[in-house]
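The values are calculated or read from the model by the stated rules, or taken from the named source; none is laboratory data. This is a predicted model, so every value here is computed, not measured. Heads up, the Cβs are rebuilt from the backbone with ideal geometry, glycines too, and the neighbour counts pull from every protein chain shown.
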Amino acid sequence: MTITKRCAVCGRFRAYDPDDTFCIGCGHDALESHCTCGRAFEYALHEAGDMHCPRCGRVLRGPPVIDE
Ligand SMILES: [Zn+2]
Ligand SMILES: [Zn+2]
């Protein structure tokens, strides 16, 4: 079983095991499994770019775009 978690540092959404706590992208211990309002992130996994929580409107960014 996997659940969708978001890294608060780099903003990536990915499927993780429930016990995972470290971001696969940046290595920070900053994964959150739901929004501050309690909404789960299942809707976000296949979205790209900027998005917002459908319940509370909080800004939830997708993977950062590297543009240099
Ligand atoms: Zn990260
Ligand atoms: Zn929310």
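For the stretch 24-51, a residue qualifies if it is more than 16 Å from ligand 1 (Cβ to nearest atom), closer than 12 Å to residue 5 by Cα and not in a loop (DSSP other than H, G, I, E, B), and the qualifying residues are 34, 40, 42, 43. Please determine whether any residue of the stretch 3-14 is away from ligand 1 (no atom under 11 Å from the Cβ) and either under 14 Å from residue 61 (Cβ atoms) or loosely packed, with under 15 Cβ neighbours inside 10 Å (or both). Checked the stretch 3-14: no residue is away from ligand 1 (no atom under 11 Å from the Cβ) and either under 14 Å from residue 61 (Cβ atoms) or loosely packed, with under 15 Cβ neighbours inside 10 Å (or both). Annotation: of all residues in the stretch 23-56 being surrounded by 12 or more Cβ atoms within 10 Å (Cβ to Cβ) and among the small types (Gly, Ala, Ser), the one that is farthest from residue 11 (Cα to Cα) is 40. Among the residues of the stretch 1-39, the ones that are away from ligand 2 (no atom under 15 Å from the Cβ) and without any contact (Cβ under 8 Å) to a residue 12 or more places away in the chain come to 5 in all. Condition (residue is modelled with pLDDT under 90 and either part of a helix (DSSP H, G or I) or acidic (Asp, Glu) (or both)) applied to the stretch 4-23: is it met by at least one residue? No, the conditions are met nowhere in the stretch 4-23.
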